[in-house]
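One structure below.
Since every read-out is calculated from the coordinates, none of them should be taken as a lab result. Keep in mind the model is a prediction, meaning the values are calculated, not measured. All Cβ positions, glycine included, derive from the backbone under ideal geometry; neighbour counts span all protein chains shown.
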Amino acid sequence: MSGPVDDVHALEPEDFIEEVHSFEHWFEAVEGYLQGLDHGHRRDVDDVVLEAPDRDRLVATLCSYAVAETAALEASSGLIAIAPNRHAKIFLSTQTVDEGRHVEVMLNRLRELGVPDPEAEVDRRAGPSVKRLRGKILELVNAREWDAAIFAQNVALETMEYTVFRAHARNADPITKDLLERVLRDERRHIGFGENELGRRIRQDKQRQTRLAAVKTELDALVLQTFEEAMDEIGVPRSDRPTLGRDYLETVDRLGLV
Amino acid sequence: MTNFLDAYSIQYWLESCPQGYLVDTEYGRGPDEKEPDLVLEDPILRDAAIRTTVQLVVGERCALASSSGLVGCAPDAPSQCFLATQTLDEARHVEIFTQRLYDLGVKKKELEDVIARYANPNLVKFAEILLEKVDKKDFVAGVVGQNVVLEGMAFSVFEMMETVNRDPNPKFAHTLSGTIADERRHVGFGENRIGSLIRQYPEKKPEIERMQKDMSYFMLATFADNFRSNAMQEEVQHAREELDTGAPAKATWQGVDLSQAEPEEIEAVLSDTILKDFQARLGRIGLEYQTPSKPQAA
């Protein structure tokens with residue numbers, strides 16, 4: 001599919017936003033890394049047989065990832081109804097399908113690892129903090145709080161996922177690594193949307209910053225707990241753990257929320 | 001259930017839609033395709049094209065709100081994933097029909113005013129009935145309203161419009177053909193997924209049947225407004241005069257040559273086709289079709 005615009009940066013600001021939030025733009029962005037895959041990973045990547053404890057830990061980890069991705073799927077689709085304009089609705093529709101894809105590939109990876117009923121396994125084994133975080137994000141969406149819900153989902157949750165998946169991909173088996181690296185490409189786009197959307201809205205009305213700072217305070221402990229739980233699951237020693245704080249704080253700093 | 005839902009997975013969707021029939025398209029049509037000069041230059045035909053396209057945008061906005069609203073209340077992950085693909089399909093439809101309004105000369109700043117001016121009030125009521133069910137997170141009623149009634153209607157309307165436009169406006173016909181392929185998938189999901197849920201929740205049948213009757217009424221009222229208005233009669237006459245450059249190409253749909261049929265005939269064949277399809281689809285999922293009263297034109 002060929003895009004209608006050669007250089008998006010040459011566009012006027014409003015046209016730029018319309019273009020980068022469009023289906024056409026999404027399509028061009030994903031076609032390079034989603035073409036010809038089998039459930040999120042390349043078909044020619046060989047699976048390796050994991051030792052039982054490693055396999056079990058990976059299953060538990062993927063169960064937590066599936067909950068995080070389901071949270072993102074439900075939140076991004078739920079946010080479409082309250083999006084302030086058509087461009088944001090269209091972008092969130094692309095994010096909805098990205099998140100749906102992530103749920104599907106996580107569940108399929110569980111199946112590849114021999115889990116007979118992945119959904120039941122997710123219910124049983126996902127970490128408690130990620131389940132609470134899902135509830136908290138959906139609370140904000142259901143309360144129709146656009147800024148707060150975008151912050152919770154596209155900044156806090158997605159930054160956490162980005163950091164965890166990146167750390168995990170470094171030491172993962174070949175299939176999980178390939179799958180996570182492609183998910184990361186999507187997450188980067190979602191974080192960019194969240195940051196740009198909130199940055200623009202804060203510039204329009206500085207009072208939004210106060211509410212977002214309160215939401216950040218409310219979420220901080222839960223986000224960090226979820227992060228630590230995920231790091232425990234993937235077996236990253238505390239001394240080697242990347243600082244979620246650094247990625248997260250850099251973003252909130254840019255939004256002026258520290 | 002898992003097996004049949006495999007046919008509605010994101011993996012399948014990626015292979016068949018973005019990496020299938022949308023390859024080498026731009027806003028759903030060929031990159032070099034344009035609206036015919038006649039449509040762009042003739043104010044009556046251009047106005048008619050804008051008015052028609054506005055109804056498509058209104059319908060697709062409703063479908064986007066509905067499918068996205070249903071993701072959160074779907075009972076299992078495969079259904080959620082299917083509805084995620086449908087959400088993006090509907091968003092794409094909003095985008096390509098909005099783009100058609102721009103192609104027809106609507107300015108970006110005027111877009112919402114143009115939509116508000118031309119949106120058929122009966123179509124808006126049709127959408128409101130469906131979105132009320134979605135707001136209540138009623139998955140079964142929502143999917144029947146969206147994937148059987150709304151998508152069933154869109155499927156037939158788009159098919160008819162694609163037939164009419166194939167010869168005089170290939171650009172618009174191509175835009176429609178991609179959406180028809182999407183609608184076929186959406187209707188298939190509705191039929192396949194809902195049958196078992198209706199059997200599981202038989203107490204919901206009367207309410208859903210009432211919704212179908214109300215939605216059908218407003219659908220027919222929308223058609224009545226469009227096909228019976230004086231403006232429509234004049235537009236059809238005008239278009240035939242302008243396009244009459246020899247033997248007109250036949251555009252046969254459901255046994256009727258649409259290039260020669262009067263608006264009342266087109267309304268009748270469209271309504272009959274959609275209602276017969278409703279009847280068959282509802283029967284397959286265990287619901288009894290409810291005949292709406294016959295609306296008067298506004």
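Take the Cβ-Cβ distance between B:Ala7 and B:Asn230 as r, set R0 to 41 Å, and report the resulting FRET efficiency rounded to the nearest 0.05.
Working: r = 47 Å, r/R0 = 1.14.
Plugging the Cβ-Cβ distance into 1/(1 + (r/R0)^6) gives 0.30.
Give the average, rounded to an integer, of partner chain Cβ atoms located within 10 angstrom of each Cβ in A:36-43.
Values: counts 3, 4, 2, 4, 3, 0, 0, 0.
Per residue, the number of nearby Cβ atoms from other chains is 2 on average.
Roughly what would the spin-label model give for B:Thr291 and A:Arg246, points 7 Å off Cα along C-beta, in nm?
With each label point 7 Å from Cα toward Cβ, the separation is 7.4 nm.
Short version: what are the Cα gyration tensor semi-axes of the stretch A:12-254, square root of 5 times each eigenvalue, largest first, in whole Å? Before the final figure, lay out each step's value.
Working: eigenvalues 174, 88, 49 Å².
Over the Cα atoms of the stretch A:12-254, the semi-axes work out to 29, 21, 16 Å.
How would you classify the stretch A:48-127 from its alpha-carbon gyration tensor, with a ≥ b ≥ c the square roots of the eigenvalues: rounded for a/c under 1.5, else prolate if a/b is greater than b/c, otherwise oblate? Kindly include the intermediate steps, with their values, before the conclusion.
Working: a/c = 3.63, a/b = 2.79, b/c = 1.30.
It comes out prolate by the Cα gyration axes.
What order do you get for B:Cys73, A:Cys63 when you list them from fewest to most C-beta neighbours inside 10 Å?
Working: B:Cys73 19, A:Cys63 24.
Sorted ascending by nearby Cβ count, the order is B:Cys73, A:Cys63.
Give me A:Arg42, A:Arg124, A:Arg101 sorted ascending by neighbouring Cβ count inside 10 Å, so fewest comes first. Provide the component values of the computation, followed by the final result.
Details: A:Arg42 14, A:Arg124 10, A:Arg101 28.
Placing the least packed residue first, the sequence is A:Arg124, A:Arg42, A:Arg101.
Relative contact order for chain A: what is it in percent, counting Cα pairs under 8 Å that are at least 6 residues apart? Please report the intermediate quantities before stating the final value.
Numbers: 276 pairs, mean separation 56.9, N = 258.
With pairs under 8 Å counted, the relative contact order is 22 percent.
With a cut-off of 17 Å, note down the residues of the stretch B:103-138 whose backbone N falls inside the zone around a label point 7 Å from the Cα of B:Asp47 toward its beta carbon.
Residues B:104-107, B:114-120 fall inside that zone.
Once you average over the residues of A:106-117, how many Cβ atoms of partner chains fall within 10 Å of each Cβ?
Values: counts 1, 3, 3, 0, 0, 1, 0, 0, 0, 0, 0, 1.
That average works out to 1.
Give, rounded to the nearest 20 debye, the magnitude of the charge dipole that the protein assembly as shown has about its Cα centre when Lys and Arg contribute +1 at Cβ and Asp and Glu contribute -1 at Cβ. Can you show the working numbers first?
Values: 66 positive and 99 negative charges, 350 e Å.
Using Cβ point charges on Lys, Arg, Asp and Glu, the protein assembly as shown gives about 1680 debye.
Where Lys and Arg each count +1 and Asp and Glu each count -1, what net charge lies around A:Leu184 among other residues with Cβ under 14 Å from its Cβ?
My count for the surroundings of A:Leu184 gives -2.
Just list whichever of B:Lys125/B:Lys250; A:Lys216/B:Lys133; B:Lys107/B:Lys171; B:Lys137/B:Lys294 have alpha carbons separated by over 24 Å in the model shown.
Among B:Lys125/B:Lys250; A:Lys216/B:Lys133; B:Lys107/B:Lys171; B:Lys137/B:Lys294, the Cα-Cα distance tops 24 Å for B:Lys125/B:Lys250; A:Lys216/B:Lys133; B:Lys137/B:Lys294.
A:Arg170 to A:Asp44: extension gain in nm, 0.36 nm per residue of separation minus the Cα-Cα distance?
Values: separation 126, 0.36 × 126 = 45.36 nm, distance 1.93 nm.
Separation in residues times 0.36 nm, less the Cα-Cα distance, equals 43.4 nm.
Can you tell me the FRET efficiency between B:Leu38 and B:Val124 if r is taken as the Cβ-Cβ distance and R0 is 22 Å, rounded to the nearest 0.05? Walk me through the numbers before you get to the answer.
Details: r = 31 Å, r/R0 = 1.39.
Plugging the Cβ-Cβ distance into 1/(1 + (r/R0)^6) gives 0.10.
What ranking of B:Lys171, A:Lys131, A:Lys206, B:Lys137 emerges when the number of other C-beta atoms within 10 Å of each C-beta is taken as an exposure proxy, fewest first?
Final ranking by Cβ density, sparse to dense: A:Lys206, B:Lys137, A:Lys131, B:Lys171.
Say each of B:Tyr201 and A:Ala143 gets a label point 7 Å from the Cα, pointing the same way as Cα to Cβ; how far apart are those two points in nm?
2.8
With charges only on Cβ, +1 for K and R and -1 for D and E, what is the dipole size of the stretch B:2-284 about its Cα centre, in debye, rounded to 20? Don't skip to the answer; put the middle values down first.
Working: 31 positive and 48 negative charges, 225 e Å.
With only Lys, Arg, Asp and Glu charged at Cβ, the dipole is about 1080 debye.
Could you check the simple spin-label distance between B:Gln254 and A:Arg203, using points 7 Å along Cα→Cβ, in nm with one decimal?
Output for this residue pair reads 5.2 nm.
Net charge within 12 Å of B:Gly255 by Cβ-Cβ distance, Lys/Arg positive one each and Asp/Glu negative one each, not counting B:Gly255 itself? Before the final figure, lay out the partial values.
On the way: positive: B:Lys250; negative: B:Asp257, B:Glu265, B:Asp272.
Local charge sum for B:Gly255: -2.
Report, to the nearest 10°, how far helix B:205-228 tilts away from the longest principal axis of the Cα atoms in chain B, using its own Cα long axis and a range of 0 to 90°.
Its long axis makes an angle of about 0 degrees.
Based on the alpha-carbon set only, what is the convex hull volume of chain B divided per residue, in Å³? It would help to have the intermediate numbers written out before the result.
On the way: hull volume 37.9 nm³, N = 298.
That works out to 127 Å³ per residue.
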